[in-house]
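Right, one structure below, let's go through it.
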Amino acid sequence: MLNHPRSATTWGIDDSERLYGISDWGAGYFKLNAAGEVTVTAPVGSDEATVSLAEIIAGIEQRGHAMPVLLRIENLLDARLSQINEGFRTAIARSDYKGEYRGVFPVKVNQQCQVIEEIVKFGAPYQHGLEAGSKAELVLAMANLKHDGLLICNGYKDREFIDLGLWANKIGHRCFFVVESPAELEIILERSRVLAIRPLIGVRVKVSAKVGGLWTETSGDRSSFGLSTLQLLDVVEKLRQEGMLDTLQLLHCHLGSQIPHLDDIRAGVLEACRFYADLVALGAPLDHLDFGGGLAVDYSGCRAGEVHSCDYSLDDYCDAIVTGIRSVLDPRGLPHPHIVTESGRATVAYASMLLFNILDTHHFEAVALPEALPNAAHPLNRHLFALRDCATAPTLASCYRDAVATREKLRDLYRQGDISLQERAQGENLFLAVAQSIARHLDGLEDLPESLNGLRESLADIYYGNFSVFQSLPDTWAIGQVYPVLPLTRLTEPPSRDAIISDLTCDCDGKLDRFIIAGGERRTLPVHPLRTGEEYYLGVFLMGAYQETLGDLHNLFGDTHVVSVRLNSDGDFDIVREIGGDSIADVLSYVEYLPQQLYEALRSSAEESVRSERLTLAERQSLLKKFSESLNGYTYFGR
Ligand SMILES: Cc1ncc(COP(=O)(O)O)c(C=O)c1O
């Protein structure tokens with residue numbers, strides 16, 4: 001039985017496009033083709049190419065990689081880097097701004113080697129640099145950067161961190177230490193004396209303008225990072241006394257990540273520019289103004305100032321920064337600084353997507369009811385049977401209340417041992433029949449009574465996806481992040497079922513149950529009924545930022561396979577990298593087991609079983625072969 005009345009006869013790809021909002025969040029990179037498949041479109045030289053994701057999945061599976069797979073489209077990463085740089089170049093030219101744009105990629109947003117290498121390679125003509133927030137990130141950044149892109153060091157730093165950064169300067173990098181606390185300045189000065197290498201220094205200020213969104217605590221007095229105004233003055237004075245004021249060349253502020261409102265950005269820019277102007281007036285030869293991250297990704301496609309969206313475009317963002325700086329510095333006759341931003345999610349989100357198959361489904365539907373209940377049926381079940389017919393519009397809410405209360409009484413009776421399992425099962429089935437009948441009447445109703453709000457969700461299917469939320473999409477669980485999710489094929493057919501997507505972990509939080517559908521947030525995803533013998537694939541889009549290293553090993557589901565693809569101008573694609581996901585032996589070794597010892601332990605119990613005739617020798621061989629194959633196998637599920 002269909003659980004949603006989307007019409008099979010009139011449904012087309014335009015309907016799917018509207019339902020899943022692809023053109024709203026896809027930024028022109030994701031579309032549907034006439035066969036009802038999701039396609040990816042990316043620039044190739046001065047042209048562009050389009051490939052169906054179903055074709056890419058076929059190519060991946062033919063190369064022996066099972067789902068789930070994290071797919072990276074290299075051209076999309078290049079496209080985003082170029083759009084951000086060109087966006088600033090255009091805004092700079094439009095405003096006749098005299099400084100340059102010097103973007104840096106914050107390594108913490110995606111540290112994966114392939115991503116960093118591509119950013120460094122493609123970003124070289126733009127002098128795109130890297131930002132490091134730890135020693136490990138600095139090590140990879142200073143080894144990877146080969147051009148004169150900036151190397152910005154944020155966060156707390158110890159002696160070793162500072163020594164590394166000073167050496168980076170010695171070999172030609174422009175490595176800035178962004179001073180987060182007065183104590184850090186002492187170490188920088190001491191180490192630069194010891195190594196006889198002059199540092200490049202930035203100061204991070206705490207901007208008081210508050211931004212909305214999930215990271216609002218990043219700015220303001222209580223933010224963990226940055227100097228108070230008093231500390232800022234002390235740092236300038238200390239540098240002056242040490243004869244090092246000339247090294248203070250950068251002012252840094254980070255307003256927050258995923259900032260939803262352009263007005264908040266404008267306010268933060270103005271405040272940062274005031275700090276900049278005042279420090280210059282105190283004699284600091286600043287010439288870089290770094291606004292940190294914050295450029296949002298419109299995950300929901302709603303183009304609204306809510307947490308998963310934003311009310312501005314990339315061009316608006318660039319213009320707000322360039323014109324904001326001019327509005328403060330021009331009246332004071334100050335030269336225009338180089339503009340630095342540390343856009344992380346806006347650079348890498350689009351390029352990665354998680355692809356997985358659905359393994360099974362669970363439907364919450366009543367099994368067929370008889371014409372009438374036998375006289376011996378329990379009176380409460382007879383009552384539920386009668387309620388099926390009273391589910392008409394004016395009485396929907398009271399009918400539902402009655403059904404819920406009756407089911408509760410039946411459950412009570414069962415707990416007390418007063419009704420049989422068969423009677424309880426009949427009651428549960430009748431309740432589902434009543435609820436489904438009410439849900440059918442809700443279609444098309446404008447104002448739902450509050451008590452019926454959750455009814456549809458409670459009847460939604462569960463589709464079991466071959467992935468782990470905790471490994472691949474931790475932000476959906478940790479901070480309620482919403483990503484675009486949709487079926488990758490069959491989009492010429494109406495998605496006649498509504499489902500939540502459960503992952504493989506034995507954890508009730510391991511699910512996706514927030515989706516942007518038809519422009520609004522919903523708890524269920526429209527999907528198609530599964531067909532026997534045919535895989536059904538879903539994709540989670542715009543998830544290239546923060547997810548890969550934040551993911552964990554819950555239930556020992558390891559890293560997925562990662563496949564990188566480059567689209568070609570002939571509409572084909574090359575698989576440029578294949579990185580196998582974790583094997584079971586890998587994840588066991590992460591939690592300190594020695595796979596060889598596990599094998600040995602099993603071998604010895606198999607041997608004992610042979611001695612005690614619980615196993616034949618042939619069975620022993622089969623068992624050990626299976627165990628060994630499993631150790632080397634993927635942690636996700638096959639067929
Ligand atoms: C100092 C700093 N720079 C840059 C970023 C990246 O921010 P986003 O991903 O919003 O661009 C962050 C993230 O919070 C940050 O703390």
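The values are calculated or read from the model by the stated rules, or taken from the named source; none is laboratory data. The shown structure was predicted, so the numbers you read here are calculated from the model rather than taken from an experiment. Here the Cβ is made from the backbone with ideal geometry for all residues, glycine too, and neighbour counts use every protein chain on show.
For ALA372, indicate whether it is over 25 Å from ASN75 (Cβ atoms), aliphatic (A, V, I, L, M) and at pLDDT below 95. Taking the combined requirement at face value, the residue satisfies it. With the structure loaded, tell me whether LEU81 is farther than 19 Å from LEU289 by Cα, within 16 Å of the ligand (Cβ to nearest atom) and of a type outside the set (Ser, Thr, Tyr) or whether it fails that test. When the stated conditions are applied, LEU81 passes them.
Can you confirm whether PHE385 is outside any loop (DSSP other than H, G, I, E, B), aromatic (Phe, Trp, Tyr), away from the ligand (no atom under 16 Å from the Cβ) and surrounded by fewer than 22 Cβ atoms within 10 Å (Cβ to Cβ)? Spelling it out, PHE385 is indeed outside any loop (DSSP other than H, G, I, E, B), aromatic (Phe, Trp, Tyr), away from the ligand (no atom under 16 Å from the Cβ) and surrounded by fewer than 22 Cβ atoms within 10 Å (Cβ to Cβ). When ILE73, ILE57, ILE84 are checked against the criterion of being among the β-branched types (Val, Ile, Thr), closer than 14 Å to LEU542 by Cα and in contact (Cβ under 8 Å) with a residue 60 or more places away in the chain, ILE73 stands alone in meeting it.
In the set (1) farther than 30 Å from LEU32 by Cβ; (2) outside the structural domain of TYR536 (by TED's automatic domain parsing), the condition left unmet by ALA478 is number (2).
Rundown of residues vs (1) away from the ligand (no atom under 16 Å from the Cβ); (2) surrounded by 12 or more Cβ atoms within 10 Å (Cβ to Cβ); (3) closer than 30 Å to ASP96 by Cα, yes/no style:
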position: PRO335; (1), (2), (3): yes, no, yes
position: PRO379; (1), (2), (3): yes, no, no
position: CYS390; (1), (2), (3): yes, yes, no
position: CYS399; (1), (2), (3): yes, yes, no
position: THR406; (1), (2), (3): yes, yes, no
position: GLY417; (1), (2), (3): yes, no, no
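Does LYS121 satisfy being of a type in the set (Lys, Arg), out of contact with any strand residue (DSSP E or B) (no Cβ under 7 Å at 6 or more places or on another chain) and in contact (Cβ under 8 Å) with a residue 24 or more places away in the chain? Here the answer is no, as LYS121 does not meet what is asked. Where helices (runs of 4 or more DSSP H) fall wholly inside segment 90-201, the ranges with 3 or more residues that are more than 30 Å from VAL565 (Cβ to Cβ) and under 34 Å from the mean Cα position of the chain (by Cα) are 159-170.
Tell me which residues, restricted to segment 313-333, are crowded, with 24+ Cβ neighbours inside 10 Å and within 16 Å of the ligand (Cβ to nearest atom). Across segment 313-333, the qualifying residues are TYR317, CYS318, ILE321. Of all the residues in segment 278-312, those that are within 24 Å of GLY202 (Cα to Cα) and more than 12 Å from the ligand (Cβ to nearest atom) number 12. Against the test of being in contact with a strand residue (DSSP E or B) (Cβ under 9 Å, 6 or more places away or on another chain), of a type outside the set (A, V, I, L, M, F, W, C), touching a residue at least 24 places away in the same chain (Cβ under 8 Å) and more than 30 Å from CYS318 (Cα to Cα), the options THR361, THR406, THR341, THR347 yield a single qualifying residue, THR361. Might you check whether a residue that is charged (D, E, K, R) and within 16 Å of the ligand (Cβ to nearest atom) occurs anywhere in segment 249-264? Yes, there is a match, as at least one residue in segment 249-264 is charged (D, E, K, R) and within 16 Å of the ligand (Cβ to nearest atom).
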